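None of the figures in this text is laboratory data; all of them are computed from the coordinates on show. Since the structure is predicted, the reported quantities are computational estimates derived from the model, not experimental observations. For neighbour counting, all protein chains shown are included, and Cβ atoms are generated from backbone atoms with ideal geometry for every residue, glycine included.
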């Protein structure tokens with residue numbers, strides 16, 4: 001059964017505590033938290049103090065996605081803030097293997113995010129060191145974008161690499177996940193589905209999470 005990770009980027013920032021409690025009580029598995037610096041992506045979100053505050057109320061793992069340049073300077077700070085899974089972009093990580101080792105040494109699971117234009121073949125030599133590969137199925141920076149159809153093939157290609165290398169890496173899909181495409185994504189090989197707009201624009205977010213969770217059974 002796939003894991004569901006509601007994206008806090010789509011939550012109501014004036015009512016974060018309410019939305020955190022909703023996720024706590026739902027069938028969701030992780031909190032997905034996008035950190036943007038205005039340099040790697042054309043948007044700015046929140047940093048360590050907000051994450052640390054949310055962690056005090058959250059009862060599920062924090063999946064922190066760093067859309068920032070030079071992420072290696074902040075691994076320890078995000079570990080202290082409460083990240084359980086810390087994901088860096090392959091496009092910003094000159095020494096990716098070293099980054100995976102550094103993240104794990106701080107007690108977190110290590111993730112790698114891949115932009116839509118980046119081939120998954122670049123992960124072949126490091127995938128055994130990676131806990132989660134986050135495939136961006138939209139261009140990073142903003143929520144509510146349209147799903148990029150080529151992601152289906154990228155999932156299948158990545159699954160083949162993971163199997164051939166004997167890795168246990170999870171495949172996470174971030175962007176444009178809906179009730180209409182989730183079953184196909186799971187069939188392709190996705191293990192974790194990030195859902196932002198689909199959950200938080202729903203009149204009944206808890207029920208929407210339940211329906212996402214039941215997909216692919």
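List of remarks:
- Added length on full extension, which subtracts the Cα-Cα distance from 0.36 nm per residue, residue 59 to residue 168: 36.7 nm
- Ordering of 39-48, 64-73 by packing [mean C-beta count within 10 Å, highest first]: 64-73, 39-48
- Expressed to the nearest 5 percent, the antiparallel share of DSSP beta bridges inside the stretch 1-136 is 5 percent.
- Values of log10 I(q)/I(0), in the order q = 0.16 Å⁻¹, for the chain under a Debye, Cα-only, solvent-free model: -1.06
- Note on residue 15 and residue 76: their simple-model spin labels are 4.0 nm apart, each label 7 Å out from Cα toward Cβ.
- The gain in end-to-end length when the residue 121 to residue 206 segment is fully stretched comes to 26.9 nm, 0.36 nm per residue minus the alpha carbon separation.
- Taking 0.36 nm per residue of sequence separation and removing the Cα-Cα distance, the residue 97/residue 43 pair yields an extension gain of 16.7 nm.
- Between the stretch 52-103 and the stretch 139-217, the Cα center-to-center distance that results, in Å: 21
- GNM result for the chain, Cα springs below 10 Å: residue of 140, 119, 203 fluctuating most strongly: 203
- Sorting the segments 4-13, 22-31 by their mean number of nearby beta carbons within 10 angstrom, highest to lowest, gives 4-13, 22-31.
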